[in-house]
Amino acid sequence: MNYLSTRNNKKEYSFGEAVIKGLSDDGGLFLPQEIPILSAEFINTIEDKSLTEIAYEISNLFINDIPGDELRFIINETINFPAPVVSLSDKYSVLELFYGPTCAFKDYGARFLAGVLSRYLKAENKRCTILVATSGDTGSAVAGGFYGKDNVDVAILYPSGKVSRIQEQQLTTFGKNIYAFEIEGTFDDCQRLVKSAFADKVLNKEYFLTSANSINIGRLLPQTFYYFNAWKQVKKLDKEIVFSVPSGNLGNLTAGLIAKKMGLPVKYFVSALNSNDVFLKYLDTGTFIPVPSIRTISNAMDVGNPSNLERIIYLYKGLTELIKNDIHAFSFDDNEIKGAMNEIFTEFNYIMDPHGAVGYLAAKKDNGSSVNGCHYIILETAHPAKFQDETDSLISNRIILPHQLKKSLNKKKHSVKISKKYLEFKECLIKTIF
């Protein structure tokens, strides 16, 4: 299995090369040369497989430069927490993705990436610096995955004042080889700084840089695992399945689309958006116009220029109508999201974070617009305790703070606060890490 850039289908890369580079030299994102199709036997016997067994069988199709026993070891070490599906009603279930060390779905991808990247770097006797832009949860997940690794430094860029208090505590309290840069701007500014650094030939000639956002194929691949694992858990319902995916940088949605192309028996996906609805507008018009992001209570989705849209367009050969066959999209504002959080608590006695609440609203609206008899699985991407300030006081009092979040609140914050100017960031990066 070789990999191509979304901007150049001539040059081929191994999985290791794609992971180490993160972003292609031409600025494109890596995708497999072709999406492998899982066997009918795999699908028919999936109930008998554990999450780690599913992860191994999938990753073994995509990765041909890591021996099987090493790949199994990496998976067992990194994907060592569950991803249960919890029923709300005969119409809705919730895929809970917050059981990892940082209580967010990004633990699955970040920890797997840390395992494979560290293995490649060790084999080549290299050291690298990871640049990662975060709108909330990515940074802490990547930091947790790479914390204490001998051959990796991590630079986390996050927008000042635009992440929750607990998220900021997680981002800024690791120490050792983890460095936090507090950018006076938006997530899109952070992402632009990262991309500018990768495009800086002088910087890259001097230092070895790579990415750990969902632009890295090594973080995207493991996110397919829990889609199959979720379908396994609802297979007995014997209903057509729709996944409702809270969407920001579109990495989680892209992983689902890849899973569908591999043979995941899903009818389609619902892209659940907050007021940052640039993807919805793209689907409506066929034209992508990036815009400055808007701050909302579902901050991990505050993206005005989603990187993974390039992958989606590539996967569907640029045909918007084909994309719309597999993706329905809806957007909601903060007032609607707050109302949904209360509704979910009242109707189902379930506490959902703002991102999952957007997923619930989108599933409900899609069902109402089509009355299709499908069963909706809503991706709950973060533990609600990370967003206590955004929940109703009655609900907040019912939230039990997980120990991994509680311990971060007692640590001292360490970050470097700088403007969104690239030259200032570059100078600060070199001074702080190199």
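Expressed in units of 2.2 N^0.38 Å, where N is the residue count, the Cα radius of gyration of segment 1-88 is 1.29. Pairs of Cα atoms in segment 205-289 fall into 10 Å distance bins, from 0 up to the last occupied one, in shares of 16, 39, 30, 12, 3, 0 percent. A straight chain from N9 to V416 at 0.36 nm per residue would run longer than the Cα-Cα distance by 142.6 nm. For segment 84-160, the C-alpha radius of gyration sits at 1.36 times the compact-globule guess of 2.2 N^0.38 Å, with N the residue count. A Gaussian network model of the chain, with springs between Cα atoms under 10 Å, assigns the largest mean-square fluctuation among A272, A329, A40 to A40. Once P(r) over Cα pairs in 20 Å bins from 0, in percent is calculated for the structure shown, the corresponding label among (i) 27, 58, 15, 0; (ii) 22, 47, 23, 8, 1, 0; (iii) 28, 62, 10 turns out to be (iii). Just V291, V94, V152 to compare: in a GNM of the chain, with alpha carbon springs under 10 Å, which one fluctuates most? Greatest mean-square fluctuation among the candidates belongs to V291. Kirkwood radius for segment 267-411, taken over all pairs of different Cα atoms as the inverse mean of 1/r, rounds to 16.5 Å. Of all the Cα-Cα pairs you can form in segment 39-99, what percent are over 20 Å apart? Result: 42 percent of Cα pairs exceed 20 Å. Extending 7 Å from the Cα toward the beta-carbon at both E424 and D333 defines two label points whose distance is 3.2 nm.
Can you bin segment 31-155 into rounded, prolate or oblate? Criterion: square roots of the alpha carbon gyration tensor eigenvalues sorted a ≥ b ≥ c, rounded for a/c under 1.5, prolate for a/b above b/c, oblate for the rest. Oblate shape, in that a/c is at least 1.5 and b/c is the bigger or equal ratio. Each peptide among 19-27, 236-244 gets the average number of other Cβ atoms lying within 10 Å of its residues, and from highest to lowest they stand as 19-27, 236-244. Relative contact order, whole percent, for segment 14-153 stands at 19, derived from Cα pairs under 8 Å and 6 or more residues apart. Its Cα gyration tensor gives segment 175-330 an equivalent ellipsoid, and the semi-axes of that ellipsoid, as √(5λ) in whole Å with the largest first, are 29, 19, 16. How much of the pair distance distribution for segment 128-176 lies past 11 Å, counting alpha-carbon pairs only, in percent? So the portion of pairs separated by more than 11 Å is 64 percent. Send over the Kirkwood Rh of segment 102-230, from the inverse of the averaged 1/r over different Cα pairs, rounded to one decimal Å. After inverting the pairwise mean of 1/r, the radius is 14.8 Å.
Summing charges over neighbours of L51, with a neighbour being any other residue whose Cβ is under 14 Å away from its Cβ, gives -3 when K and R count +1 and D and E count -1. Taking segment 262-283 and a reference point 7 angstrom along Cα→Cβ of K324, the backbone N atoms nearer than 11 Å belong to 282-283. For the chain, DSSP calls about 20 percent of its internal beta bridges antiparallel. Compared with the alpha-carbon gap, the fully stretched path from S393 to A40 is longer by 122.2 nm at 0.36 nm per residue. Sites listed here are trypsin sites (Lys or Arg not before Pro) in segment 402-434 whose DSSP assignment is loop and whose Cβ has at most 15 other Cβ atoms within 10 Å: K411, K412, K413, K421. For L209, the amide hydrogen comes within under 5 Å of the amide hydrogens of T129, counting only partners 5 or more places away or on other chains and with H modelled in the peptide plane.
Counting charges near N276 (Lys, Arg +1; Asp, Glu -1) among other residues having Cβ under 11 Å from its Cβ returns a value of -2. Quick one: in segment 333-419, what % of C-alpha pairs are over 22 Å apart? That fraction is 39 percent.
No lab work stands behind these numbers, since they all come straight from the coordinates. Remember, predicted model here, so these are calculated numbers, not experimental data. FYI the Cβ positions are ideal-geometry reconstructions off the backbone, even for glycines, and counts take in every protein chain you see.
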